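Notes follow once the structure below has been shown.
The values are calculated or read from the model by the stated rules, or taken from the named source; none is laboratory data. As the structure is a prediction and not an experimental result, all values here were calculated from the model. Virtual Cβ from ideal backbone geometry, glycine too; neighbours counted across all protein chains shown.
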Amino acid sequence: MPDLPTHTPPLAALRAFEAVARLGSLSRAAVELNVTKSAVSHQLRALESDLGATLLHRGGTLRRAQVTEAGATLLVSVQQALTLLETACRNVRVAVRSKRRHSLNLSVNPSLAALWLAPRIGRFIELHPDIDVQVFLHASQDPAWKAQDIDLAFLHVREHGPHLPQPGDIRLMSETVVPVCSPALVPPGERDDPRVFTRHRWLEEKHVDSPETSWDTWSARLGLDPADRQEPLVLSGLSTVVAAAAAGVGIALGRAPLVDEELASGRLVPLMPRLKLAGSWGYVMRMQPNRPMDAALPALVEFLAEEGRSPGAWQNLAQEAG
């Protein structure tokens with residue numbers, strides 16, 4: 001007696017047989033499998049020839065295709081095997097989707113990036129290890145949406161212009177201007193004394209349309225005599241001003257919450273913490289228009305919006321000071 005074949009028939013033939021046996025019709029099976037009726041018939045004949053057995057009764061007066069005894073035995077195993085294959089494929093898809101990485105490109109000015117965004121992006125990535133974040137710096141108010149494929153831009157805006165917020169912008173935070181310096185520059189006992197401002201160099205950020213970051217405004221607010229006023233050392237960018245203040249170069253007009261990380265770490269301390277000026281500017285988040293939406297960008301926006309709403313180090317220090 002010759003040895004029996006050990007190969008498995010083609011999967012397409014087994015699927016065609018299962019569909020016809022389950023649906024009772026070559027036509028309905030062809031529709032489900034998205035092939036022609038003749039293709040289904042060809043697969044069945046090839047399968048029966050391969051197995052050497054008739055699997056279905058076709059034709060005659062029966063309106064439905066009926067499985068033979070051999071066909072019934074085969075059908076149970078084929079359906080179990082197809083279910084296992086479908087489950088395995090579904091599990092692979094779920095596993096791949098769960099490991100799929102998302103990439104977000106952000107556009108932000110250098111000071112916000114260095115002083116506020118960088119540590120928070122680190123915390124966000126810890127919470128969402130499947131999301132890659134790239135930060136591109138822009139010095140202007142015009143992010144390179146297309147050139148750098150920007151998903152989310154952080155913009156400095158004013159309620160009364162220039163650079164008005166736009167419909168759809170998501171508020172991030174407002175600013176408060178407070179004097180700050182290195183703890184080594186001014187002893188704790190002198191930090192509530194207005195005369196301290198006459199003893200040290202003034203550091204000023206070069207910033208357009210921001211009277212609250214000008215020492216002219218603060219000289220009047222502090223009630224300083226004209227003889228006690230000085231020409232400030234003007235630096236470009238708040239991050240540069242903050243670095244100089246932390247190094248003990250002088251007293252800076254810091255913009256909270258951008259200086260919160262420096263205050264929390266103790267690299268900077270506030271002077272006269274009850275004395276403050278509301279900032280003319282604030283920050284908003286602006287999503288790229290017509291960007292296809294996925295779960296990554298809303299997760300980042302929600303996280304940063306909550307960070308922007310949370311009390312910062314300066315607010316806590318001001319409350320402690322009464």
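Say we look at region 33-43 and pick out the residues that are surrounded by 14 or more Cβ atoms within 10 Å (Cβ to Cβ) and farther than 20 Å from THR8 by Cα; which of these is nearest to the chain's Cα centre (by Cα)?
This residue is LEU33.
In region 288-311, how many are under 18 Å from ALA118 (Cβ atoms) and without any contact (Cβ under 8 Å) to a residue 60 or more places away in the chain?
Residues that pass the stated criteria total 2.
Among the residues of region 123-135, are any in contact with a His (Cβ under 8 Å, 6 or more places away or on another chain), under 30 Å from LEU11 (Cβ atoms) and at pLDDT below 90?
Scanning region 123-135 turns up no residue that is in contact with a His (Cβ under 8 Å, 6 or more places away or on another chain), under 30 Å from LEU11 (Cβ atoms) and at pLDDT below 90.
Give the residue that is modelled with the lowest pLDDT, with candidates limited to residues of region 189-246 that are of a type in the set (Val, Ile, Thr) and under 35 Å from the mean Cα position of the chain (by Cα).
Among those residues, the one meeting the criterion is VAL208.
Restricting the first residue to region 72-95 and requiring it to be closer than 20 Å to PRO9 by Cβ, which pairs with a second residue that is of a type in the set (Phe, Trp, Tyr) and surrounded by 10 or more Cβ atoms within 10 Å (Cβ to Cβ) meet a Cβ separation below 8 Å and a spacing of at least six or different chains?
LEU74/PHE17; LEU75/PHE17; VAL78/PHE17
Of all residues in region 198-236, count the ones that are touching a Leu at 6+ places or on another chain (Cβ under 6 Å), of a type outside the set (S, T, N, Q) and part of a helix (DSSP H, G or I).
Result for region 198-236: 1.
Taking the stated definitions as given, is GLY248 touching a residue at least 40 places away in the same chain (Cβ under 8 Å), small (Gly, Ala, Ser) and either within 22 Å of ARG120 (Cβ to Cβ) or in a helix (DSSP H, G or I) (or both)?
no
Looking for whichever is under 25 Å from GLU159 (Cα atoms), modelled with pLDDT of 90 or more and either in the same structural domain as CYS181 (by TED's automatic domain parsing) or not in a strand (DSSP E or B) (or both) here; the options are ARG286, ARG267. Which one fits?
After ruling out the rest, the residue left standing is ARG286.
Only one of (1) over 23 Å from the mean Cα position of the chain (by Cα); (2) at pLDDT 90 or above; (3) not in a loop (DSSP other than H, G, I, E, B) is not met by GLU307, so which one is it?
So GLU307 meets the others, but not (1).
Exactly one condition in (1) assigned to a strand (DSSP E or B); (2) on the phi > 0 side of the Ramachandran plot is false for GLY168; which is it?
Single failed check for GLY168: (1).
Restricting to region 260-277, and then to whatever is closer than 23 Å to ASN109 by Cβ and touching a strand residue (DSSP E or B) at 6+ places or on another chain (Cβ under 6 Å), can you tell me which residue is surrounded by the fewest Cβ atoms within 10 Å (Cβ to Cβ)?
LYS276
For the structure I just gave you, tell me whether ARG191 is basic (Lys, Arg) and without any contact (Cβ under 8 Å) to a residue 24 or more places away in the chain.
Against the criterion (basic (Lys, Arg) and without any contact (Cβ under 8 Å) to a residue 24 or more places away in the chain), ARG191 does not qualify.
So which of THR61, THR73 is β-branched (Val, Ile, Thr) and modelled with pLDDT under 90?
Residue meeting the stated conditions: THR61.
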